[in-house]
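See below for the structure under consideration.
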Amino acid sequence: MSEVFTLSTLFYTSMVAFSVVTLIVEIICIRSTSLPIAKWFENSFYLVIIAAISEWLVVVGRGFPVEAQGLLVMCKTIEMIISPIIPVSIALSVSRERIGIRHLIPLSVNALIVLANIFINRIFYFTANNVYVHGDLYFLYKIAYFLAIVYMFYKFARVAAKESSHERRILFIILSMLFVALVLQSIFQDLRIDWFVAALASALVCLNYTIKDQNNTVREMKKAMDEAKMASMAKTSFMGRMSHDLRTPINGIMGMVQIAEKNLDNKEVVADCLGKIDSSNRHLLSLISDILQMSSLESGAITLSHEKFDLKEIVEDCIGMLSTSAKDRGVRIFDDKAEAIVEPRVIGSPVHVKQILVNILSNSIKYNRIGGFVEMKTSVLSRTEDRITYRFTISDTGLGMSEEFVKKIFEPFSREEDPVSSKRPGSGLGMSIVKELVTLMGGSISVISEKNVGSVFTLDMPFEIDKEPVTEEKDEEYSFEGKRVLLVEDNDLNQEIAVYKLQEKGFLVDSASNGKEAVGKFLSSEPFYYDLILMDIMMPVMNGLEATVAIRNSERSDNNLPIIAMTANAYDEDKKMCLESGMDAHLSKPLEDKEMFSTIRSFLK
């Protein structure tokens, strides 16, 4: 009896331990598919092989001496615990599903049956002669196993219906193998073939999907390589175009300088050269700005502002800014005078709104024909108490675009290969920048076009409504005469230009070539000697940010004097860094006189 007690105890203890471990493994597999144990669980044929070996050892174990009966108990325990897991895991492998809570139902039922048997001892047990037998309630275990088998067949059938003809053949062959094995096993109890066939079928399933995954990976890699090659070709083409487009205005600037030098006594020629130099310079700046802004958009560095502004003024400024360019090209601009802008005071990013409208309008002018026209209409698309969405429709009678190019007009580096349009200067980035900015604003843009007929751009932009009353400021004359400014600039040419502009307005100017020199001049001067500091950022010895921090941290009573950044670092994050260091404002090079003196004036009132 002690031997029977020992075997029974070992059997029940093993059942409990394996049940608990199995449930823990199942929960781990549900919680994470990245762990090695979860990946191993998906390859169900490993479990099947373990079960097959266990059952074969049980058969052999019946002839083992009593001293070796412990092996029989362990093998039978493994078989009883994992047998319902096998059909479910095979089904999961076939259907390519992640293990979920619903898949634990047959497994949990089996675990409960195994644990219940410890208390009722009527499902399976050992006799007094150390013989393993099935009790009168063994059918409960068979039902759980049968449900798991039905679930597996159900998954095979569903997956086969969705697969290709090749995949269906493989799945039906495996399904037939399993079915025949189960029938034979039911007829011949001692054949022990079901686990072997199940292991083989499960291995074939995993092998089939492994090959399929590898083929998919190869196809995806090939596709990625093709896309990378196309992108490389597009960028190479872009660099070739940009080399041409950048050299063109530079060549114009150099040529006009040479002509002006040879005609210094002829004011009309010099004035004409200066005007063309200014035009080429602005075009060159536009190209460089497009390249830098596209790079910022791709890296996510662009941040929209949240300012109050007058949308009607922005629209009117855009039309006024481009009217001269349109007149020079023989193109007429028609607009509805922004009369449909019923809520002009809105909140948004005025700089980017202006950029979007100018970009679309300038393209409509640039790719138009002599005697053609550009028309912009504004309408209200939707309106609530706090928000309003305006629709801008910009149409032209220009060159139009082919159907193929319209599909990729918003892609970076895109320009239509056309004998006429390709001669017009441009980076091929303008419309992709517009698309990105409009998307950032939560709006949308679309275009329809017909070759040699014209194009229509439809732009929808949402805004918050500014409900605060507007206080009008009087534009009073202001004199900078006698105001002293410390100009911190390491580039001699830029310093010379800035000194000239400031002195022309009446400023008294002191100069410093780096941040350390600027801090020294500030600290050695009398309190309130300087009214303002204009600070470059990128300088040797000490940069502008460090110099600003040093001035703000000094113990002087005038350490809070206005400090304005005057730098070529034009990104929004550069502006943010300047303000965080203690600066009061940010001016981007090249400096526009109107903006520069307007900003200075706001701090000298």
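Observations
- Taking all protein chains as they are arranged and a probe of 1.4 Å, the heavy atoms of V109 leave approximately 60 Å² accessible to solvent.
- Highest average packing first - 542-553, 340-351, Cβ atoms within 10 Å: 542-553, 340-351
- Whole-number accessible area per residue in Å² for the stretch 317-420, which is evaluated in the context of all protein chains at 1.4 Å: 50 Å²
- The H on the amide N of F124, modeled in the peptide plane, is under 5 Å from the matching H of G135, each at least 5 residues off or on a different chain.
- Site pair S305 and E268 shows an inter-label distance of 4.3 nm when each label is modelled 7 Å from Cα along Cα→Cβ.
- Cβ charges +1 (Lys, Arg) and -1 (Asp, Glu), total dipole of the stretch 513-572, debye: 100 debye
- Estimated distance in nm for a label pair at L381 and D593, the labels positioned 7 Å out from Cα along Cα-to-Cβ: 4.0 nm
- The charge dipole of the stretch 433-547, taken about its Cα centre with unit charges on the Cβ atoms of Lys, Arg (+1), Asp and Glu (-1) only, comes to about 320 debye.
- Exceedance of the 18 Å cut-off in Cα-Cα distance is limited, within the set K354/K505; K516/K594; K366/K451; K521/K589; K354/K377; K312/K366, to K354/K505; K516/K594; K521/K589; K312/K366.
- Accessible area of the stretch 515-605 belonging to carbon and sulfur atoms, whole % at 1.4 Å probe: 53 percent
- FRET efficiency estimate (nearest 0.05) - Cβ-Cβ, E411 to V218, R0 35 angstrom: 0.80
- Maximal additional length on extending the R369-Q258 stretch stands at 36.7 nm, based on 0.36 nm per residue less the C-alpha distance.
- Simple label model, 7 Å out from Cα along Cβ direction - I448 to I187, nm: 7.2 nm
- Gyration tensor verdict on the stretch 533-605 (Cα atoms; rounded if a/c is under 1.5, prolate if a/b is larger than b/c, oblate otherwise): oblate
- When the Cα positions of A565, I497, F528 are compared along the charge dipole of the stretch 472-605, F528 comes out farthest toward the positive end, with charges on each C-beta of Lys, Arg, Asp and Glu.
- K408 exposes around 90 Å² of accessible area when a 1.4 Å probe is run over every protein chain in place.
- Relative packing of peptides 398-406, 594-602 - highest average C-beta neighbours within 10 Å first: 398-406, 594-602
- Theoretical FRET efficiency, 1/(1+(r/R0)^6), r = Cβ-Cβ of V456 and E316, R0 22 Å, to 0.05: 0.50
The values are calculated or read from the model by the stated rules, or taken from the named source; none is laboratory data. These figures come from a predicted structure and were not determined experimentally. Positions of Cβ are generated from backbone atoms using ideal geometry, with glycine treated the same way; all protein chains shown enter the neighbour counts. Protein only, heavy atoms only, side chains kept; ligands, DNA and RNA dropped before computing areas. Shrake-Rupley method; radii C 1.70, N 1.55, O 1.52, S 1.80 Å.
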